[in-house]
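The values are calculated or read from the model by the stated rules, or taken from the named source; none is laboratory data. Only a predicted model underlies this, so the values are computations on that prediction, with no experimental measurement involved. Here Cβ is always computed from backbone atoms with ideal geometry, including for glycine, and neighbour counts include all displayed protein chains. For accessibility, only protein heavy atoms count, side chains too; no ligands or nucleic acids. Shrake-Rupley method; radii C 1.70, N 1.55, O 1.52, S 1.80 Å.
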Amino acid sequence: MLLKLEGVTKRFGGLVAVNSVDLEVEEGEKLGVVGPNGSGKTTLYNLISGVYMPDEGRIFFEGKEITNLPPYDRTKLGIARTFQIPRPFGSATVRENVAIGAMFGMANAGVDEALEMADDMLKLVGIYDLKDKEAKLLTPLEKKLMELARALAMKPKLLLLDELLAGMNPANINEILELLDRVKKEENIAVIAMVEHLMHAITKFAERVVVMHQGMKLIEGPTMEVLNDPKVIEVYLGEKLNVG
Amino acid sequence: MKSYSPLITLLLAYLIMIAIGQSIPGMWQPVMLVIFYIAIGQALNVFLGMTGYVNFGYVALLGVGAYGMGVALGYYNELGLIPTLILGFILAAILALLVSAIVGGIALRLRGAYFAIATIGVNEGIKYLIMGAKIWGGSEGIVLSGILRKSFGAETMRFLSTTFADAGVIVVAIATGVVTAYILNSRLGYALIALREDEEAAKVMGINVTKYKQIAFMISCVLAGLIGATAWTLKLTYVFPQDVFAINYTVEAIVIVMLGGAGTLLGPLVGGLIYALLKYYLAIAFPGLQLLILAPLLIVVILLFPEGVVGYIAKKARGTRLENFVR
Amino acid sequence: MKKLLVFVLVGMVLFFAGCAQQQPQQATTPAGPKEETLYFGAPISLSGKFAEEGKASLYGMQVAAKWINEHGGVKVGDTTYKIEIKYYDDESKKENVQSLIERLATVDKVKFILAPYSSGLTLAAAPIAEKYQVLLNSHGGASDYIFEQGYYYVVQTLSPASKYQTGFLDMVKKLDPNAKRVALVYEDGEFSRAVHQAAKEYAEELGFEIVYEKTYPAGATDLSPILNELKATNPDVIIGGGHFADGQLLAKQLAELNINVKAISILVAPTFPEFYEALGNKAEGICGPAQWEVGARYTPDVADELGVEWYGPTQDEFLAMYKELAGEDAVPPYQAAEAAAAVLSYAKAIEKAQSLDPAKVREAMNGLKFMCLYGLWQIDPETGKQVGHEMDIIQWQNGEKKIVWPEAAATADPCYPMPTWDEKASGATCGS
Amino acid sequence: MAFVEQLIANLLYGAILGAVYGLATMGLSLIFGVLRIVNVGHGAFIMIGAFTAYWMFTLYGISPVLSLPLAMAAGMIIGVAVYLVVVKRLVDAPELATLLAMFAIGIFIEEAAKQIWGANYVGYSWEIGSISLPFTEIPYTKLVAFISSILIAAAVYVWFRKTKLGKAVRAVVEDREGALTCGIDVNKIYALSFSLGIGLTVLSGVLVTLFTPVGINAYMGGEYTLKAFVIAVLGGLASPWGAFYAGFIFGLIENGSYTLLGLIPGVEPFGLTRFVSFVVLMLVLLLKPTGLLGGE
Amino acid sequence: MLTVRELESGYGEMQVLWGVNLDVREKSITTVLGPNGAGKSTTLKTIFGILKPWSGTVEYIGENVTNMPPHKKVELGITLVPEGRHLFPNMTVEDNLIMGAYLKRAEDRLEDSLDLVYTLFPRLKEREKQKAGTLSGGEQQMLAIARALMTSPNLILMDEPSQGLAPKLVKEVFETVLKLKEEGLTILLVEQNVFASLEISDYAYVLHEGKIAFGGSVDEVRESEEIKKAYLGV
């Protein structure tokens, strides 16, 4: 068991953003988390990556409790993430951005090593040409790729992708999915990807899907099974959206 | 980009300045003035430039550094010359560390302008503690030249307050530059850039932002303390609380960093040169009117180069061969 | 890049403006075979906290230089030197003072420097003056400790801090043997502390009882906590103050809190006309130590009587020349007179030494004793401290500053005890 | 008993002084709140107000109370001018750039004032009597300063809460983009707030002289700048009301702690009151980092 | 009604729009679709004037309004419902609405507008005295739209009104948009929710990498399978 959440709850004032969620992720697993905005997905990510501490419940990573561990210590254990709205270190170059990931992530590399790793990662995601550009000058798509490279450079065991694919066109999506597949196989990274709309992408990518609804886990199971579940269609997808 | 080549530019600039000071009569003190301003800019830059946090209490660190050296020379001079000086530097560093640990521990939890303004009372606070509680001579300060003359002889005293003090300022200034260059190329530097740009994201990238902020803050403060110990105590041979906690040095250091470009290695050098030389020559050309002229000039520079002169040049130089030498 | 170009251009223009200004002073005037210009250098606080004092002292120096030039200059051998003051603005800041002293000593080749205003800045100037072996004549740095540091090239023209408040105590003791209770309230700064520590010791020597002693920080805007406390101790005499602003405030709040005593002496502030302007007739009867005051009875005749030489303008000449420089209504404060005296002492000592070598001039100063409008000038050879000059005590009487002590210099009798605040509120003045 | 009387007297004076401090900080907080500009030149504007009161009184015998509206108007004009010439171009520049610009403006004003008015310390005497209390005397001028401060602060409060323009300023503070969509001319609101902030600051300069009618000088503002910043932080920085209350507290601490510190032998209690203010600031930041009354 | 030609703009040094052409007809709903980062929001912000256009023109009923600041545009009857709502969280619902009627022209119609808004959104009337920050997400979106209506607009630019709302609420929002059209307003909509927005729109544009890749009536867009595949990610 790589990651385990037990009854995790997070409240903001009166609002219960995440309500008693249990979740288990195996090493090297590909999991999709779906749900509309406001269903608690991002809060869940923030709880796993340590941006927030849960009000109730416990979180384990490789059997070790990390419930109240600060985010920078979690990365050292092997958790990495991207952001829904990319958060590059704007005035640093793309290469430096990715190197920062290598330096302070699980890879824990020295400066020279990190810069080399950064080059490799940039080649991997295909934006090596942009390495000397200031990160703030990238297009949103490029920023997302850079964030992916930065997260991969951390050499994580668990990679949390927050709406990585949103806004990409199908060709890009396929490329990224292949890339994730390759990385996952080579390095045995567990990937949790989170999506709002792109159902067909999730079907291609995830082996298992969790649907979030109003802060709670609505359902979880094998991807196709879950997405065709009438309950899911009713509360989340609505009648108009036809999946698959 | 791991590169120490901008350091060449920096060291070269120091060499040229020292050469000018030594060869042109009357230029030595102005050069020392410029170096003093560059140094306080550089030491501030380690923190302000790389984290974006403005430390308004900055002068307090110069002040406690000055006191560290002053206390050693004034109260422990029977140890002998060399041990007293060593003690002086150690005390300066320790006092600066102590103050920065306390102030940093409290104020670094605040962000942006809140941090800046929270630190604005630091120098006043320490000043009034020293004066009110009559610590180290209270408002009468420590006057050293007589003591030094008595303990070590007139020649040594003269040597200490001129050659040695000047050499000390230069060494500290260059050390500050080297430390800056080292930080820029180290994990610390990358961590600082990351947290300056986006603290939340930096945390998730594995950066213990509190730790790195505190480290940068303390490095900056210790360097400031050493500048105070050399440029003030040794060179002026006295420490008066009203003098060493004057807020205008903080503001001047900020001006220098901003003029040159925050977070760049050469920024404080260029900023210090512009600021100190402008002021010096304006004071000579238009005595009494120099600040009246300087103020609008500063505004013009800010309007033209919001990112500082070096920041501007570095941007323009990106991709050219100059790039390696401007940062 | 255009921005950069503009910037560099502006920078260069300014730089050359600076250089252009330098040129004339480097070319020494080859006016005549036996006439040359001799520069006295001065870092002066034209900006910053000592700007007011700085300006007055500059005028004083310029008046003295002008008088010397009009009266045959300074003669060394066959050469007659015209005196000119070479001054820069030190912004009341220590780093600037050091640079400027060096510039004066090296670029301008000045051998005789008039120290900056205040003890702190004088102390900052001393190591550099010592390094270049140029004379530093303090006309605004009163603190005694400057002259206890063992500097050889540093001499003092004004009376040291320890002498400021002693005359007042002498006066009170003479006028009223029953006045015993003395309260001290002063600014917590090195200068006023030096003044009042000396005053305290002296008071105890004279048999006064110190009933209260507290300081307030520089820049305080409300002294009521300290004054409420002081009022309860019921003193006969109050001594205090520090600089200008706080002295005004002290007097103002003594009035507001209706604290009546027989005599008050406040450091620095009462010597300025603005003191009376600000307080109106509340200033009546308030005393203060002054290095000099308009009306001081130092004349060539007095010098004759004492058997010392007179040098420099008479008071009337000085006042007239000061007005020419500073404006029609300008009345010189003591900062002007002491600065003038410093210039005169240089001229006198150079003539005595018959040399422009600072070491020789310093040597000559040891035996120098003369009187000018500022009073006697004589230094302690050991330390360079001023011993000849005496402080005056001034008192506001009927809207005018009068010298009331020492008796020899007095222009009026002391008004003692001073009127109460209530009496003043109903229009009473000293002498009415 | 003497101890208690002293304490009461000091607290009374502290409250009066605190009200003046509070008002002298409101402009700073307002400008920071709306424009996120740290006005390090704050004191220079207080100085202008002080000179306004001084000149009006000495030249024309105009009572400082009547100088209040005049100073406000003068301050607002200066504020608009500074805004149009400098600040407007820096609204979107980094925080530090504006800080630096304000520093330069402060210096410029001080130096210009020195050239125009000289570096003398001047003062004026507006004698309108005083109240005698058993343990101290309070001049009516100080009471006038106290009451004016409270009234002006209240007026500003009402203006912000009830008037359309005041609400527009709040709207801009709360959400600039939202304000744009309502048709609010954000630039105009910035200019207005800036000039209002400067106006209040200049006006507070008059009140400062009502409390301390002497020591008026081109460089007098520095003292108030420092205090204003400490008070602003205590009050939560962006909130003019917070600043006003914090000024009160600051005045009480500064004067009130004197009596207590006097019990410690061998120290200078007056100097230590300043240290106490600093410790209080640090404690507040430690316990409630957003300031005593900060909502953010 | 609104004609946009060769519009270019961006943030700082980064160009986002590379020549956008748009037409909005009176009393219609026009939708701009496109992937994230294509420049949809940037287009609206530039039209409204929050971002300065680098080049190109914006015409509104024949008048060139390219460089007109936002408040002048509000005066002409253009307003924006910004992405992320941008309410005044510490002001009451009522004050938020009153701020909407800030300009003279709108203030004169304050009562009428309030009536209209409260009829459209009875929930807001109930919460009149509540602070805007305490409303639920759906209510906040309603308030944002209501506040825009208070400016008495003719043309409303709407930026992702359904963002972050549960599917049921999304439906409600789109119904509201339709209602506004029935009230005679013109709407330029930016949406990620392709299906829902196509359903209510009359015209649609597809934005791709800062340029208009396709534009036309909703039916034309629907039919163009290729466009769907390439750009809409459907």
Self-check item: Low-density loop positions, GluC sites (Glu not before Pro), region E:131-187 - DSSP coil, at most 15 other Cβ in 10 Å
Solution: E:Glu183
Quiz item: Between region C:111-161 and region A:74-105, what is the C-alpha centre distance in whole Å?
Solution: 60 Å
Self-check item: B:Thr230 accessible area, 1.4 Å probe, all protein chains in place, Å² to nearest 10
Solution: 0 Å²
Self-check item: Length-normalised contact order for chain E - Cα pairs under 8 Å, 6+ apart - percent
Solution: 28 percent
Quiz item: Could you give the angle, 0 to 90 degrees to the nearest 10, between helix D:64-82's Cα long axis and the longest principal axis of the Cα atoms of chain D?
Solution: 40 degrees
Practice problem: Could you work out how far helix D:221-234 tilts from the main Cα principal axis of chain D, as a 0 to 90 degree angle to the nearest 10? | Solution: 80 degrees
Practice problem: Write down the Kirkwood hydrodynamic radius of chain C, to one decimal in angstroms, obtained as one divided by the mean of 1/r over all alpha carbon pairs. | Solution: 22.6 Å
Quiz item: What is the interface area between chains C and B, defined as buried accessible area summed over both chains with a 1.4 Å probe, reported in Å² to the nearest 100?
Solution: 4600 Å²
Quiz item: For region D:183-230 and region C:71-98, what is the separation of their Cα centres, given in Å?
Solution: 42 Å
Quiz item: Cα-based Rg of region A:88-154 per 2.2 N^0.38 Å, rounded to two decimals?
Solution: 0.93
Quiz item: Given a 1.4 Å probe and no ligands, DNA or RNA in the count, how much accessible surface is buried by E and D, both sides, to the nearest 100 Å²?
Solution: 1900 Å²
Quiz item: What are the residues whose amide H is under 5 Å from the amide H of E:Leu207, where those residues sit 5 or more places off or on another chain and H is modelled from the backbone?
Solution: E:Leu33, E:Gly34, E:Ala213
Quiz prompt | Label-point separation in nm, C:Asp78 to E:Thr57, each point 7 Å along Cα→Cβ | solution = 9.0 nm
Self-check item: Simple Cβ-charge dipole of the protein assembly as shown, Lys/Arg +1 and Asp/Glu -1, about Cα centre, in debye nearest 20
Solution: 1740 debye
Quiz item: Helix C:190-206: angle to the longest alpha-carbon principal axis of chain C, degrees 0 to 90, nearest 10?
Solution: 50 degrees
Practice problem: At 1.4 Å probe size, with every protein chain present, just tell me what the per residue accessible area of region C:218-358 comes to in Å². | Solution: 28 Å²
Self-check item: B:Ser23 versus A:Arg11: modelled label distance in nm, points set 7 Å from Cα along the beta carbon direction
Solution: 7.6 nm
Quiz item: So what's the net charge close to B:Gly153: Lys and Arg +1, Asp and Glu -1, counting the other residues with Cβ under 15 Å from its Cβ?
Solution: 0
Quiz item: Of all accessible surface on region C:336-403 at a 1.4 Å probe, what whole percent is carbon and sulfur?
Solution: 42 percent
Exercise. Of the DSSP beta bridges with both residues in chain C, give the percent that are antiparallel, rounding to the nearest 5.
Key: 30 percent
Quiz prompt | Dipole magnitude of region B:29-250 about its Cα centre (Cβ charges: Lys, Arg +1; Asp, Glu -1), debye to nearest 20 | solution = 180 debye
Quiz item: Expressed as a rounded percentage, what relative contact order does chain D have, with Cα pairs under 8 Å and six or more residues apart?
Solution: 38 percent
Exercise. Could you work out which residue, out of D:Tyr13, D:Tyr157, D:Tyr21, moves most in a Gaussian network model of chain D, that is, has the largest mean-square fluctuation with Cα springs under 10 Å?
Key: D:Tyr157
Quiz item: So for chain C, taking the charge dipole from beta-carbon charges (+1 Lys/Arg, -1 Asp/Glu), which of C:Gly219, C:Ala359, C:Thr271 sits furthest toward the positive end?
Solution: C:Ala359
Quiz prompt | Gaussian network model of chain C, Cα within-10 Å springs - most flexible of C:Glu91, C:Glu205, C:Glu130 | solution = C:Glu205
Quiz prompt | Distance between region C:383-406 and region E:174-222 - C-alpha centres, whole angstrom | solution = 91 Å
Quiz item: What part of the accessible area of region D:187-296, given as a whole %, is carbon or sulfur when the probe is 1.4 angstrom?
Solution: 75 percent
Quiz item: Can you give the helix-only mean residue ellipticity at 222 nm for chain D, where every DSSP H stretch with n ≥ 4 adds -39500 (n - 2.57) and the sum goes over all residues, rounded to the nearest 500 deg cm²/dmol?
Solution: -25000 deg cm²/dmol
Quiz item: Under the Karplus relation 6.51 cos²θ - 1.76 cosθ + 1.60, θ = phi - 60°, what is the ordered set of whole-Hz ³J(HN,Hα) values for region B:146-152, x standing for Gly and Pro?
Solution: x, 4, 5, 4, 5, 6, 10
Quiz item: What does the accessible area per residue of region A:7-101 come to in Å², with a 1.4 Å probe and no ligands, DNA or RNA counted?
Solution: 33 Å²
Practice problem: Give the value in nm², to one decimal: projected area of the alpha carbon convex hull of chain B, averaged over all directions. | Solution: 17.3 nm²
Quiz item: Do any chymotrypsin sites (Phe, Trp or Tyr not before Pro) in region E:20-113 lie in a DSSP loop with no more than 14 other beta carbon atoms within 10 Å, and if so, which?
Solution: E:Trp54
Quiz item: D:Glu95 versus B:Asn248, label points 7 Å from Cα toward the beta carbon: distance in nm?
Solution: 2.7 nm
Quiz item: Given H placed 1.01 Å from N in the peptide plane, which residues other than close sequence neighbours of A:Val33 have an amide H under 5 Å from its amide H?
Solution: A:Ala193, A:Met194, A:Val195, A:Val210
Practice problem: Pick out which of C:Pro414, C:Pro225, C:Pro358 has the largest mean-square fluctuation in a Gaussian network model of chain C, springs linking Cα atoms closer than 10 Å. | Solution: C:Pro225
Quiz item: Peptide D:183-190: average number of partner chain Cβ atoms within 10 Å per residue?
Solution: 6
Quiz item: For A:Leu77 and A:Arg182 in the same chain, what is the full-extension length gain: residue separation times 0.36 nm, less their Cα-Cα distance, in nm?
Solution: 35.6 nm
Quiz prompt | Sites matching trypsin sites (Lys or Arg not before Pro) across region A:1-91 that sit in DSSP coil, with at most 12 neighbouring C-beta atoms within 10 Å | solution = none
Quiz item: At a 1.4 Å probe, what is the % contribution of carbon and sulfur to the accessible area of region A:28-162?
Solution: 49 percent
Quiz item: Can you give the longest stretch of chain A with no exposed loop site, where a site means GluC sites (Glu not before Pro) in a DSSP loop (not H, G, I, E or B) with at most 14 other C-beta atoms within 10 Å?
Solution: A:63-206
Exercise. Output the residues of region A:154-173 meeting this criterion: accessible area (heavy atoms, 1.4 Å probe) in the chain alone minus accessible area with all protein chains in place is 40 Å² or greater.
Key: A:Gly167, A:Asn169, A:Pro170
Quiz item: Taking a probe of 1.4 angstrom, what is the accessible area of B:Ser23 in Å², to the nearest 10?
Solution: 80 Å²
Quiz item: Counting only protein heavy atoms and rolling a 1.4 Å probe, how much accessible area do A and B lose on contact, total for both sides, in Å² to 100?
Solution: 2400 Å²
Quiz item: Which cross-chain or sequence-distant (5 or more) residues have an amide H under 5 Å from the amide H of D:Ile37, H modelled 1.01 Å from N in plane?
Solution: D:Phe32
Quiz prompt | Average partner coverage of E:144-155, which counts Cβ from other chains inside 10 Å | solution = 1
Quiz item: Once phi is turned into ³J(HN,Hα) by the Karplus curve 6.51 cos²θ - 1.76 cosθ + 1.60 with θ = phi - 60°, what whole-Hz value does each residue of region D:128-140 show in order, with x for glycine and proline?
Solution: 10, x, 8, 8, 9, 9, x, 10, 6, 10, 10, x, 4
Exercise. Considering the options E:Trp54, E:Thr66, E:Ile98, tell which one lies farthest towards the positive end of the dipole of region E:38-124, charges being +1 on Lys and Arg and -1 on Asp and Glu at the Cβ, about the Cα centre.
Key: E:Trp54
Quiz item: Could you work out the helix-only [θ] at 222 nm for chain C, with each DSSP H run of four or more residues adding -39,500 (n - 2.57) and the total divided by the number of residues, to the nearest 500 deg cm²/dmol?
Solution: -13500 deg cm²/dmol
Self-check item: Förster radius 60 Å - calculated FRET efficiency between E:Glu220 and D:Ile264, Cβ distance, rounded to 0.05
Solution: 0.10
Quiz item: Hey, what's chain E come to in accessible area per residue, 1.4 Å probe, Å²?
Solution: 41 Å²
Quiz item: Which percent, nearest 5, of DSSP beta bridges in the protein assembly as shown are antiparallel?
Solution: 45 percent
Exercise. Using only Cα atoms, figure out Rg for the protein assembly as shown and give it as a multiple of 2.2 N^0.38 Å.
Key: 1.03
Quiz item: Can you give the FRET efficiency for E:Lys171 and A:Glu116, using 1/(1 + (r/R0)^6), R0 = 56 Å, r = Cβ-Cβ distance, to the nearest 0.05?
Solution: 0.60
Quiz item: Mean residue ellipticity at 222 nm from the helices of chain E, using -39,500 (n - 2.57) per DSSP H segment of n ≥ 4 over the full residue count, to the nearest 500 deg cm²/dmol?
Solution: -10500 deg cm²/dmol
